[in-house]
Amino acid sequence: MTVLFGIPTLSGFDRACNLARQAVAAGAEALIVNNGRESIAASSVIFDEDRIEVVTPTRNLGVAPSWNLILRAAAERDAIVVIANDDIAFGAYAIAELVWRVESYTELGLSHQLLCGPKMHVFSFFAMDARRALAEIGEFDEQFWPAYWEDNDYEHRLRIAGLALEHVPHDVLGFEHDGSRTTRDADPETRAWLKRCYENSRQLYRAKWGGTPPHGELYLEPYNATRLRGDNDR
């Protein structure tokens, strides 16, 4: 089965290229969404242009629109989609293991969110059957712009639909992800802006689902306080 490894990046084009090369070496195809409009010619990474596609938007699409671009591209190819941050370092056999697990898993796919503190997670990757994800769940919610909480939103929608993503510990797949490089590498003014964006997305999530994870969501339909989850749904 075709596997499309999708990597949006804002300020880590070389990292994204290295991850794409690793995916291609494992037999996958790769798609980089170059939101930072970094120069491909100036990249220090040489990659296989036949297996790695680079899309350079005219502006920063944001996270959810970038993920949707990748998800639609994978669905068109009837592929397993792996959507990953550009700052993940996968082990030698991790990508092949991902593919095997998604193909053999009875639900929709796999994901990993790194626990960074009480009720706080950092997205690492999704690995899913792209066509099934679009048909049964739909696209990522682009109201969460430019970033934050779109991953939580998708996973909550999966739970409501009766599907699930298997959460895979990092040591099982041999990968490392220490949080957001985009935030850490930003200047103080940008970090302050990103903090406001995070809070705006958190408030949007609370309004949409009546609470926040883990297990604090109350609504079965977006913004619909009349459709509440019972204790047996949590």
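Of note, Asn18 does not satisfy the criterion of being part of a helix (DSSP H, G or I), of a type outside the set (A, V, I, L, M, F, W, C) and modelled with pLDDT of 95 or more.
Just checking, how many residues over region 146-157 are touching a helix residue (DSSP H, G or I) at 6+ places or on another chain (Cβ under 7 Å) and farther than 11 Å from Ser66 by Cα? Number satisfying all stated conditions: 6. When residues in region 143-202 are screened for being modelled with pLDDT of 90 or more, surrounded by 15 or more Cβ atoms within 10 Å (Cβ to Cβ) and among the hydrophobic types (A, V, I, L, M, F, W, C), 6 of them pass. Considered as a group, the residues in region 187-225 that are among the hydroxyl-bearing types (Ser, Thr, Tyr) and in a helix (DSSP H, G or I) include one that is farthest from Leu158 (Cα to Cα), and that residue is Thr190.
For region 67-77, the condition of being in contact with a strand residue (DSSP E or B) (Cβ under 9 Å, 6 or more places away or on another chain), crowded, with 24+ Cβ neighbours inside 10 Å, β-branched (Val, Ile, Thr) and under 15 Å from Ile7 (Cβ atoms) holds for at least one residue.
The values are calculated or read from the model by the stated rules, or taken from the named source; none is laboratory data. Note that the coordinates shown come from a computational prediction; the quantities given were computed from them, not determined experimentally. With ideal geometry, Cβ positions are generated from the backbone for all residues, glycine too; neighbour counts draw on all protein chains shown.
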